[in-house]
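Peer 1: Submitted below is the structure of interest, expressed as structure tokens.
Please treat every number below as a calculation from the coordinates, not as lab data. Since the model is a prediction, treat every value here as computed from it, not as a measurement. Cβ coordinates were reconstructed from backbone atoms using ideal geometry, including for glycine residues, and neighbour counts include every protein chain displayed.
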Amino acid sequence: MVDVGPFDPEDARARTCVQAYVHELDRRFDGGFDPARSISAAEDEMRPPKGLFLLASLHGDPVGCGALKLHDDGPAEIKRMWVATSVRGLGVGRRLLAELESHAAGHGARYVRLETNKALTEAVNLYRSAGYREVPAFNDEPYAHHWFEKPIGPASPDGAATPAEAP
């Protein structure tokens, strides 16, 4: 019943999800959430060729979102993952995550990375159960307490270290 597909991040339904995401983080994080202080996930970074924005909808109503930032020579980044409380537990987050991973792999990424806050326990549990492993901080996101990485593409033929293991 839930449709998941690419949307322009400027579409009103996409903006509704991002606003709900920001509102929820502001409510749940100690000290609130200011997207201007967070690592960028601007609209132009969430549309091809730089990225992708996915929207999950139920009966035409937006119920979740996730974005992907693509990089030529590095891991793809997952940003703006959010699922409405009314549909949590139905697999919407897992489906969004799988779709983002698939798109990242399709663009040649070998790894996906994301970071999250300790207050988002359901997100931390989702990422761990989806095969993400916790790695040392790979950026200076001020709201993050956990940094995760997952291999999604073919293994490196030269045996090179994963991004988290690289010196």
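Peer 1: To the nearest 20 debye, what is the magnitude of the charge dipole of the chain about its Cα centre, counting +1 on the Cβ of each Lys and Arg and -1 on the Cβ of each Asp and Glu? Walk me through the intermediate numbers first.
Peer 2: Values: 19 positive and 25 negative charges, 98 e Å.
My answer is approximately 480 debye.
Peer 1: Of all DSSP beta bridges located in segment 2-151, what percent are antiparallel, nearest 5?
Peer 2: Numbers: 26 of 28 bridges.
Taking every DSSP beta bridge with both residues in segment 2-151, the antiparallel ones total about 95 percent.
Peer 1: Between ASN125 and HIS59, what length comes free when the chain is fully extended (0.36 nm per residue of separation minus the Cα-Cα distance, one decimal in nm)? Don't skip to the answer; put the middle values down first.
Peer 2: Working: separation 66, 0.36 × 66 = 23.76 nm, distance 2.74 nm.
The span from ASN125 to HIS59 would gain 21.0 nm if fully extended.
Peer 1: Further, regarding this structure: Please give the length that would be gained between ARG37 and SER102 if that part of the chain were fully extended, namely 0.36 nm times their separation in residues minus their C-alpha to C-alpha distance (nm, one decimal). Walk me through the intermediate numbers first.
Peer 2: On the way: separation 65, 0.36 × 65 = 23.40 nm, distance 2.91 nm.
Gain on stretching ARG37 to SER102: 20.5 nm.
Peer 1: Arranged by the count of other C-beta atoms within 10 angstrom, fewest first, what order do MET46, MET81 take?
Peer 2: Placing the least packed residue first, the sequence is MET81, MET46.
Peer 1: Can I ask one more? SER38's amide H: which non-local residues (gap 5+, or another chain) put their own amide H closer than 5 Å, with H modeled 1.01 Å from N in plane and none for Pro or chain starts?
Peer 2: none
Peer 1: Something else now. Please report, to two decimal places, log10 I(q)/I(0) for segment 1-59 at q = 0.18, 0.19, 0.22, 0.29 Å⁻¹ as given by the Debye formula with identical point scatterers on the Cα atoms and no solvent.
Peer 2: Taking Cα atoms of segment 1-59 as identical point scatterers yields -0.71, -0.77, -0.95, -1.18.
Peer 1: On to the next question. Fewest to most neighbouring Cβ within 10 Å: what's the order for ILE152, ILE78? Please report the intermediate quantities before stating the final value.
Peer 2: Working: ILE152 19, ILE78 25.
Sorted ascending by nearby Cβ count, the order is ILE152, ILE78.
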